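Asks: This is the structure, below, for whatever I ask next.
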Amino acid sequence: GNNIGGRIRISIVSPPSRPNTLQLIPSFYNLTGPDGKTALAPQTFVGRRQEHVKFKYQVTLEFNPKQDHAEAGVTVFLNQAQHFDLSVTTLSPESARQEGFSGPLASGLARYVRLRSVATEHKDSRTNHPVSRQAILSLASTGNSPVKLQIESLNQTTYTFRYSDGVDW
């Protein structure tokens, strides 16, 4: 199980059968939380502070859940109210339409890649829409095929986000 001696196990680091890997046990809560400032526990998150203006960060994600709206990925995280997320998410046909996917739908749960930004505006802003329009694309790969996710900082103001599901970036 996930409970060891009264403590919840959230990860497995480099098991003998899979060296140089990290397996995370998912949590129910996402990074934004219910109000953009409250972290609900338990929340699965591993972070690394950005140390350089220019960098390239890449992970290979193996993620194939069987639940609608399950999600895993990478983020440029300032705080709960301000972050950019590139993720793989599993959606039902109905959920995919609600999320803004406009392509042909699978008959059941399918994997998608999603890029979204969360940016809560200041109180004095004229804009009251806290989340920008997201991009959501179906993945060409099926099953539990790994997906590469990449974030690159080109300069002080520009991040690029890429994914590859076995084809080109």
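No value in this document is a laboratory result; all are computed from the given coordinates. Being a predicted model, the structure only gives us computed values, none of them experimental. Because the Cβ atoms are built from the backbone with ideal geometry, glycine has one as well, and the counts that use them run over all protein chains shown.
Asks: Quote the FRET efficiency, to the nearest 0.05, computed for R48 versus Q98 with a Förster distance R0 of 35 Å and r equal to the Cβ-Cβ distance.
Replies: 0.60
Asks: Next question, about the same structure. Among the GluC sites (Glu not before Pro) within the stretch 38-91, which fall in a DSSP loop and have no more than 10 other Cβ atoms within 10 Å of their own Cβ?
Replies: Hits after loop and neighbour filter: E51.
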